[in-house]
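J.: Would you mind keeping the following structure in view while I ask a few things?
The values are calculated or read from the model by the stated rules, or taken from the named source; none is laboratory data. These numbers were taken from a predicted model, which means no experiment stands behind them. FYI the Cβ positions are ideal-geometry reconstructions off the backbone, even for glycines, and counts take in every protein chain you see.
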């Protein structure tokens, strides 16, 4: 788009080169939602529209308007009622929007009909999230996962939505049999590509499995960060590890998993893993496609559920994360989980005190940690909480070794966490922590080891 200056509202403004987008939130009224889904919505319409706008901004479009449409029912042909379609079409024309972001899952027919009515490109919530993921993926694995999810979505769109569907091709062996329609060819080519990607991802999973196995044998405990997108996981990761992982006030700023070592207060070490952010109504195809990434969470010794406690929808976001964790087989009351109430620096002082008091009343094994990744407030207490949780699942031993037993010392450093070493004239005493799966090996190797638990 040109950068010529246009006059609007009495001031000179300049058109940008970015795609002009209108964000539309078509949501059932509370009464209609209860009737259709059997439950009251967790979020209000305005909060949902705010999130949709944030998603649109994550693909760097220029937002030229936002519109809320409360529906009593969903229309099969256009999702919206006829009057609302005409109203939005007029708004699209007035704002010169090139893209309409519709915050719901549209069927292929609904998407095509709305594009005709609006004379603009229409993208639904699933397509928008896929677009963001496509921009964020950096590793080969991330790119493969995004492509797989995108192809699954594209395959579902091949339902009377292309202009050339009636054209037929003759058979050329690998191109398809005689009379194969274009849509059948497209669907088959997509399926073949999906099959190849799934094979590649299986190889990636095997490789990651080997890496996890080797890490378990090091062995340092794994601490995984999970949470709603933009909850501040990457900022917390940077604060804890003093790393420089990409952290920005954008939805889905982190997509590929990142691993770093972290030293705990009493000398123990863990591996910290930052993961992709979760979101409400995450397309099922993405949960499946990103399972390899989220397997880091399944293998973790401690899971930090990072929440933006300053957000108006903090409770609803927390429930969304728990729902996805449950899909991965992790119970909300799993002993490995620690809730981290992040961004307390954005709250008034009295609200912070109230939250800390509320956290303090919870049982020790369920007590949240209130922190600020930006200021560092509460980080020491979080590290102590991680250390306590790691220690609760691992056995503590004291082992006495002769000064000449270099092989025994090397074994301890390779297969356990050495927490303390005290040297004597004729040897040394080691205090070590060992994972459950390595305990039997340690006891066989050092039969005189003293259990300190």
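J.: Just to be sure before I move on: is residue 110 at pLDDT 90 or above, more than 28 Å from residue 277 (Cα to Cα) and touching a strand residue (DSSP E or B) at 6+ places or on another chain (Cβ under 6 Å) in the structure I sent? Before you say what the answer is, go through the steps one by one.
T.: Working: at pLDDT 90 or above: yes; more than 28 Å from residue 277 (Cα to Cα): yes; touching a strand residue (DSSP E or B) at 6+ places or on another chain (Cβ under 6 Å): yes.
For residue 110, the condition - at pLDDT 90 or above, more than 28 Å from residue 277 (Cα to Cα) and touching a strand residue (DSSP E or B) at 6+ places or on another chain (Cβ under 6 Å) - is met.
J.: While we're on this one: Being in the same structural domain as residue 112 (by TED's automatic domain parsing), modelled with pLDDT under 95 and crowded, with 16+ Cβ neighbours inside 10 Å: is that true of residue 51 here? Can you show your working first?
T.: Working: in the same structural domain as residue 112 (by TED's automatic domain parsing): yes; modelled with pLDDT under 95: yes; crowded, with 16+ Cβ neighbours inside 10 Å: yes.
For residue 51, the condition - in the same structural domain as residue 112 (by TED's automatic domain parsing), modelled with pLDDT under 95 and crowded, with 16+ Cβ neighbours inside 10 Å - is met.
J.: Sticking with this structure for a sec: Filter the stretch 210-234 for residues that are part of a helix (DSSP H, G or I) and buried (at least 22 other Cβ atoms within 10 Å of the Cβ); which is modelled with the highest pLDDT? Steps first, please.
T.: Our first condition is that a residue be part of a helix (DSSP H, G or I); within the stretch 210-234, this holds for 210-217, 233-234.
Of the ones still in play, those that are also buried (at least 22 other Cβ atoms within 10 Å of the Cβ) are 233-234.
Details: 233: 89, 234: 85.
The extreme case among them is 233.
J.: Also, quick follow-up: If I ask for residues that are surrounded by 15 or more Cβ atoms within 10 Å (Cβ to Cβ) and assigned to a loop (DSSP other than H, G, I, E, B), which ones from the stretch 70-86 would you list?
T.: Passing the criteria: 74, 78, 80, 81.
J.: Let me ask something else. If you go through the stretch 355-365 one residue at a time, do you hit one that is surrounded by 12 or more Cβ atoms within 10 Å (Cβ to Cβ), out of contact with any helix residue (DSSP H, G or I) (no Cβ under 7 Å at 6 or more places or on another chain), in the same structural domain as residue 303 (by TED's automatic domain parsing) and touching a residue at least 24 places away in the same chain (Cβ under 8 Å)? It would help to see each step written out before you state the result.
T.: First, the residues of the stretch 355-365 that are surrounded by 12 or more Cβ atoms within 10 Å (Cβ to Cβ): 355-356, 358-359, 365.
Now restrict to residues that are out of contact with any helix residue (DSSP H, G or I) (no Cβ under 7 Å at 6 or more places or on another chain): 356, 358-359, 365.
Now restrict to residues that are in the same structural domain as residue 303 (by TED's automatic domain parsing): 356, 358-359, 365.
Next, only the ones that are touching a residue at least 24 places away in the same chain (Cβ under 8 Å) stay: 365.
Yes, the stretch 355-365 contains at least one residue that is surrounded by 12 or more Cβ atoms within 10 Å (Cβ to Cβ), out of contact with any helix residue (DSSP H, G or I) (no Cβ under 7 Å at 6 or more places or on another chain), in the same structural domain as residue 303 (by TED's automatic domain parsing) and touching a residue at least 24 places away in the same chain (Cβ under 8 Å).
J.: To continue, here is another question. Condition first: surrounded by 18 or more Cβ atoms within 10 Å (Cβ to Cβ) and assigned to a helix (DSSP H, G or I). Now tell me which residues in the stretch 370-395 satisfy that.
T.: Residues satisfying the conditions are 382, 383, 385, 386, 387, 389, 390, 391.
J.: Counting only residues that are more than 32 Å from the chain's Cα centre (by Cα) and more than 11 Å from residue 24 (Cβ to Cβ), how many does the stretch 90-106 have?
T.: 5
J.: If you don't mind, another one. Could you tell me whether residue 103 is surrounded by 16 or more Cβ atoms within 10 Å (Cβ to Cβ), closer than 26 Å to residue 193 by Cβ and touching a strand residue (DSSP E or B) at 6+ places or on another chain (Cβ under 6 Å)?
T.: So residue 103 fails the test.
Conditions tested, residue by residue: (1) surrounded by fewer than 21 Cβ atoms within 10 Å (Cβ to Cβ); (2) touching a helix residue (DSSP H, G or I) at 6+ places or on another chain (Cβ under 8 Å); (3) within 23 Å of residue 183 (Cβ to Cβ); (4) in contact (Cβ under 8 Å) with a residue 40 or more places away in the chain.
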position	(1), (2), (3), (4)
55	no, yes, no, yes
68	yes, yes, no, yes
88	no, yes, no, yes
121	yes, yes, yes, no
143	yes, no, no, no
149	no, yes, yes, yes
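J.: Looking at residue 442, is it more than 31 Å from the chain's Cα centre (by Cα), closer than 23 Å to residue 300 by Cβ and buried (at least 19 other Cβ atoms within 10 Å of the Cβ)?
T.: Numbers: more than 31 Å from the chain's Cα centre (by Cα): yes; closer than 23 Å to residue 300 by Cβ: yes; buried (at least 19 other Cβ atoms within 10 Å of the Cβ): yes.
For residue 442, the condition - more than 31 Å from the chain's Cα centre (by Cα), closer than 23 Å to residue 300 by Cβ and buried (at least 19 other Cβ atoms within 10 Å of the Cβ) - is met.
J.: Here is a follow-up. Looking at the stretch 317-331, is at least one residue over 17 Å from the mean Cα position of the chain (by Cα), modelled with pLDDT under 95, exposed (fewer than 13 other Cβ atoms within 10 Å of the Cβ) and in the same structural domain as residue 277 (by TED's automatic domain parsing)? Talk me through it step by step, then tell me what you get.
T.: So the first thing to find is which residues in the stretch 317-331 are over 17 Å from the mean Cα position of the chain (by Cα), and the list is 331.
Subsequent filtering for residues that are modelled with pLDDT under 95 retains 331.
Checking which are exposed (fewer than 13 other Cβ atoms within 10 Å of the Cβ) leaves us with 331.
Those left that are additionally in the same structural domain as residue 277 (by TED's automatic domain parsing): 331.
Yes - at least one qualifying residue is present in the stretch 317-331.
J.: What residue, among those in the stretch 371-385 that are touching a residue at least 60 places away in the same chain (Cβ under 8 Å) and within 21 Å of the chain's Cα centre (by Cα), is farthest from residue 221 (Cα to Cα)?
T.: 374
J.: Could you tell me which numbered condition residue 411 fails, if it satisfies all but one of (1) in contact with a strand residue (DSSP E or B) (Cβ under 6 Å, 6 or more places away or on another chain); (2) under 25 Å from residue 392 (Cα atoms)?
T.: The single condition residue 411 does not satisfy is (1).
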